[in-house]
1. Considering only residues that are touching a residue at least 24 places away in the same chain (Cβ under 8 Å) and charged (D, E, K, R), look in region 40-66 and name the one that is least open to solvent (accessible area, probe 1.4 Å).
2. Would you check if PRO68 is in contact with a helix residue (DSSP H, G or I) (Cβ under 9 Å, 6 or more places away or on another chain), modelled with pLDDT of 95 or more and farther than 30 Å from ALA213 by Cβ?
3. Do we find a residue being in contact with a strand residue (DSSP E or B) (Cβ under 8 Å, 6 or more places away or on another chain), in a helix (DSSP H, G or I), open to solvent by less than 10 Å² (accessible area, probe 1.4 Å) and touching a residue at least 40 places away in the same chain (Cβ under 8 Å) anywhere in region 24-37?
4. Would you check which residues across region 76-105 are surrounded by fewer than 14 Cβ atoms within 10 Å (Cβ to Cβ) and among the aliphatic types (A, V, I, L, M) and list them?
5. ASP83 - would you say it is acidic (Asp, Glu), touching a helix residue (DSSP H, G or I) at 6+ places or on another chain (Cβ under 7 Å) and part of a helix (DSSP H, G or I)?
6. Among (1) open to solvent by less than 10 Å² (accessible area, probe 1.4 Å); (2) at pLDDT 95 or above, which single condition is ALA217 missing?
Amino acid sequence: MPPRAALFDLDGTLLDSLHDIGAAMNHALTTHGLPVHPLADYRHFVGEGVQVLVSRAVPREHERLREPVLATYRAFYAEHMMDHTRPFPGVREVLERLVGEGVKLAVLSNKPDAATRRLVAALLPDVPFGAIYGERAGVPRKPDPTAALGIAAELGVEPGDCAFVGDTAVDMDTARAAGMYAVGVTWGFRDVEELQSHGARALARTSDELLQALLGAPRAATRP
């Protein structure tokens with residue numbers, strides 16, 4: 001049986017957003033006279049919130065510039081977050097099929113809440129997500145399970161009847177902490193080994209494999 005609800009990470013899972021994130025951060029670094037990073041490096045910088053992104057991008061010896069870099073990044077990214085960002089191939093079809101199967105959908109990201117909502121509204125406008133949340137004041141970021149459990153309650157679904165889909169260790173850890181079925185997608189920002197080592201119960205290399213993993217996902221995952 002499919003899960004009653006599926007929660008999705010955003011960057012690297014639903015949306016191919018690395019180019020715009022990396023370009024915005026490199027712009028901020030250049031603005032403040034700091035060295036830039038190759039785009040591939042941002043695969044390991046993202047996933048734990050914008051503050052962590054900045055701390056990884058700014059050299060330790062220039063720690064005092066973190067706040068100015070963050071401010072510049074936020075301003076530039078707000079204007080350029082959709083220059084290249086698009087849903088990954090097959091994502092829309094997966095979401096449509098899940099809706100057709102009666103699965104409730106939600107988004108949970110460590111990206112700031114306003115940017116999360118804006119991207120989903122613009123790039124996945126026809127998907128009836130029951131909840132869309134990014135990082136919010138007073139709510140711990142993933143992998144803390146608080147937000148995921150709050151979404152399950154908002155959707156009226158037990159955590160054990162939810163799947164959590166993501167592309168990083170943070171997402172797999174969130175799923176396990178919340179007692180949800182952890183599904184790792186390999187088209188995102190991390191590799192298979194990371195997903196497996198953090199408890200992915202299914203891996204999807206394509207959108208078809210993701211559908212198979214979700215529509216065949218067992219319910220009542222055991223919460224640690």
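The values are calculated or read from the model by the stated rules, or taken from the named source; none is laboratory data. Everything numeric here is computed off the predicted structure, so don't read it as measured data. As a convention, Cβ positions derive from the backbone with ideal geometry for all residues, glycine included, and neighbour counts pool all protein chains shown. With ligands, DNA and RNA removed, areas are computed over all heavy atoms of the protein, side chains included. Shrake-Rupley method; radii C 1.70, N 1.55, O 1.52, S 1.80 Å.
1. GLU48
2. It is true that PRO68 is in contact with a helix residue (DSSP H, G or I) (Cβ under 9 Å, 6 or more places away or on another chain), modelled with pLDDT of 95 or more and farther than 30 Å from ALA213 by Cβ.
3. No, because not a single residue in region 24-37 is in contact with a strand residue (DSSP E or B) (Cβ under 8 Å, 6 or more places away or on another chain), in a helix (DSSP H, G or I), open to solvent by less than 10 Å² (accessible area, probe 1.4 Å) and touching a residue at least 40 places away in the same chain (Cβ under 8 Å).
4. ALA78, the sole residue that qualifies.
5. On the way: acidic (Asp, Glu): yes; touching a helix residue (DSSP H, G or I) at 6+ places or on another chain (Cβ under 7 Å): yes; part of a helix (DSSP H, G or I): no.
So ASP83 fails the test.
6. Failing condition for ALA217: (2).
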